[in-house]
Amino acid sequence: MKVKNSYRLQGFIPILSFVVVLFIVPKTCKSSSFTDKFDEKLLIKPLPSGHVYTLFQFVVQKDLNRNDNNPFHHFRLFPRSLGEIIFQHDVQELHFSLTQGLWRYEKWGYPTRSAPPGAELWALFKGNASEITSNWKKLTHMLSGQFCASLNFIEDSNTAIPKHSFRPEGAVPFDHPYNSSYVRYSALPHEIVCTENLTPFRKLLPCGAQAGLSTLLNALNIFSAHYVSLAVDVRQVCKKDCSEIALELIQSVSIVFDPPVQQLKKQDWSFVKLFGSSLLSTCPVATTSQVFVDITSNKSGVPFVLNSKPRKIIKEKFEIYDGYMEENEYAFYDLKKMFQETKYVNIGSNYNSIHIYGIIPSPVLYVDRKVSGYGQEQGGIHCTFYNNHPKKSLKILYFDMIPWYMRLYSHTLTVKNGNKVIDPDYLYYQPAKDRSRPHHLELVLTLPPNSKSEMSIEFDFAFLKWTEYPPDANHGFYAGSAVISVLLDSARNFSRFPESGNNGIDKGNFLRIYTQILLVSLPTPDFSMPYNVICLTCTVVALAFGPIHNITTKSLQPIEDNKENSFIAKLKRKLKKLWRSKEDDKTIIVNEQDTKKTQ
């Protein structure tokens, strides 16, 4: 009996384990692992200049367990490749962008996600302070392979540690308080954006390029636009009054098209006209899939009619100044419900008349930055700040990272409003070290209302080693964009999703403005001289070596007079040949006559 009972228990144990796995494990997995959330949305805004601004935003949130030392053991919607990079290098926040073109603030207003031309990367680290430098270097190399970009060229010579300009945009944990020495910033203004960057960017999405709004990202249409920007932002956000923390990944694609140029001054647009195809499906794992069309310009500009009826109209009011209110209107489309009634979606608009180019009201604040001077010895940087607010002063934070080969004179730094000198409220300047670190300048300025203020600083050009010049040395060298951080009290001229709040920064409308990049011409040696020397040396050697080699290797022998080869002998031989040929002809004729007679 004991033996039989033992066999019964051995058969019962596998059944019991199967029941546990079948009923208990799915519940634990459902409550712990599968907590990711994915949303996709698209904003379309016709601009007063005739352009059309489109913004794709893909948001993935992954809940974090504070008791879990490695929250990236399990992945569902959050991309594993990017999650492992963040975890291995102790990154708390990551902000990366690749941009082609320049955003025109004075004509297009303020974008949802600002970015400078080229590549920009800044990160906030946590953990041991002594490992931040090595983690920053490893992070740039890993992201270079992840996005097929030249981020491996980020070195100490083009990296800065901002003091106040780049602060955390997400939730900061109590055990890792914010410290400015944990921030690293760098930019590569000469980086070129192409299809090689778009492909790995789309692979990070849960549906890739197979379904959802990402199917509209056609490389042929996107990279022929005026402005293209790919951005990746990773931060921690609060949930339920910060009782829970989630890691948020925002992938955004900003594009500015110019329909009037392609459609005979008509500003008509649609999915097919902008992206080359209509939308055929939504992402199955997306919680929401939405499209917002800004129809505010119908009130003041050329009116247009949408070809698809929106689900509802969203209205947002905001104050400009002194109690004066304005209102933005958005047409809202729920793609999940639209595909229940149709097989494809092609949202668009038709204008009643052609676009008329006119004067566009400038936004409250915009900046212009240029290089002054001539020659290849001295120069200067001039930055002009425009505050168009009629009654209120604006306090701005100016950040600039200038390459070490532009040797600044800090005593020449001046800020003027007309003839009046403006003293900075805060000034931080760290001089550069040759081939080690760039110039680091941060200013806090108060701009008077309705004013035009100018900042200038002079510099000398440095001499580089001949091995430090790029192949196209005469093209010049780039200096990255300056960054202006400001907090505006009005949402006027902002392009963003409705009910998007203030991006988690602070109360108000936080904004970063990027200036133009600078192209400077350093003293450049004549790189064609080695080529000329090589050609001249080879020619001289060839002309001198040939005769010398013939003289030293060949023996000279006199030619003996041969009587048989004289002119008279040759003439006699030719006459003999002619005489013999005539005699032969005569003998042939005589023989023919004899044969006839005999016959």
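The values are calculated or read from the model by the stated rules, or taken from the named source; none is laboratory data. Remember, predicted model here, so these are calculated numbers, not experimental data. Neighbour counts run over all protein chains shown; Cβ positions are idealised from the backbone, glycine included. Calculation scope for accessible area: heavy atoms of the full protein, side chains included, ligands and nucleic acids excluded. Shrake-Rupley method; radii C 1.70, N 1.55, O 1.52, S 1.80 Å.
Placing unit charges on the Cβ atoms only, positive for Lys and Arg and negative for Asp and Glu, gives the stretch 172-267 a dipole magnitude near 300 debye about its Cα centre. Listed values for the stretch 464-471 are Karplus-derived 3J(HN,Hα) couplings in whole Hz (6.51 cos²θ - 1.76 cosθ + 1.60, θ = phi - 60°), namely 9, 6, 5, 7, 8, 7, x, x, and x replaces Gly and Pro.
Taking chymotrypsin sites (Phe, Trp or Tyr not before Pro) across the stretch 374-462, the ones in a DSSP loop with at most 14 further Cβ atoms lying within 10 angstrom of their Cβ are 374. The C-alpha atoms of the chain define a longest principal axis, and helix 2-23 lies at about 80 degrees to it. Taking the Cβ-Cβ separation of residue 81 and residue 306 as r and a Förster radius of 30 Å, what is the calculated FRET efficiency to the nearest 0.05? FRET efficiency, residue 81 to residue 306: 0.15. Close amide-amide hydrogen proximity is noted between residue 394 and 447, each under 5 Å apart and 5 or more residues distant or on a separate chain (H modeled in the peptide plane; Pro and chain starts excluded).
Dividing the alpha-carbon radius of gyration of the stretch 213-325 by the rule-of-thumb value 2.2 N^0.38 Å gives 1.38. Taken about its Cα centre, the chain carries a charge dipole of about 2100 debye when Lys and Arg each add +1 at the Cβ and Asp and Glu each add -1 at the Cβ. Projected label points at residue 569 and residue 430, each 7 Å from Cα along the beta carbon direction, are separated by 9.8 nanometres. Within the chain, the longest run free of trypsin sites (Lys or Arg not before Pro) that sit in a DSSP loop with at most 12 other Cβ atoms within 10 Å is 67-239. Here the sum of -39500 (n - 2.57) over DSSP H runs of 4 or more residues, divided by the residues of the chain, equals -7500 deg cm²/dmol at 222 nm, to the nearest 500.
Considering only 130, 520, 277, and ranking their Cα positions along the charge dipole of the chain that arises from unit charges at the beta-carbon of Lys, Arg, Asp and Glu, the one farthest toward the positive end is 277. Charged side chains reduced to their Cβ positions (Lys and Arg at +1, Asp and Glu at -1) give the stretch 359-489 a dipole of some 260 debye around its Cα centre.
Across the stretch 277-285, rounded Karplus estimates of 3J(HN,Hα) from the backbone phi angles (6.51 cos²θ - 1.76 cosθ + 1.60, θ = phi - 60°) give 7, 8, 8, 9, 6, 10, 6, x, 8 Hz, Gly and Pro being marked x. Angle of helix 567-598 to the longest C-alpha principal axis of the chain, folded into 0 to 90 degrees and rounded to 10: 70°.
Computed with a 1.4 Å probe over protein heavy atoms only, the accessible area of residue 74 comes to about 120 Å². Decide, for the stretch 110-152, between rounded, prolate and oblate: order the square roots of the alpha carbon gyration tensor eigenvalues as a ≥ b ≥ c, take rounded if a/c falls under 1.5, and otherwise choose prolate if a/b is larger than b/c, else oblate. Oblate.
The long axis of helix 529-553 is offset from the longest Cα principal axis of the chain by roughly 30 degrees. The aspartates and glutamates within cross-link reach of residue 582, meaning a Cα-to-Cα straight distance under 18 Å and a gap of 8 or more places when in the same chain, are 592.
As a size descriptor, the averaged projected area of the C-alpha convex hull of the chain was calculated at 69.5 nm². Sites listed here are GluC sites (Glu not before Pro) in the stretch 358-467 whose DSSP assignment is loop and whose Cβ has at most 15 other Cβ atoms within 10 Å: 377. Please state the shape class of the stretch 125-258: rounded when a/c is under 1.5, otherwise prolate if a/b exceeds b/c and oblate if not, all from the C-alpha gyration tensor. It is oblate, given that a/c is not under 1.5 and a/b is not larger than b/c.
Projection of the Cα convex hull of the stretch 65-132, averaged over all directions and equal to a quarter of that hull's surface, yields 7.0 nm².
Each of 584, 90, 241, 233 has its accessible area taken with a 1.4 Å probe; listed largest first, they run 241, 584, 90, 233.
Remark: for residue pairs 163/315; 45/370; 239/336; 62/126, the C-alpha separation exceeds 28 Å in 163/315; 45/370.
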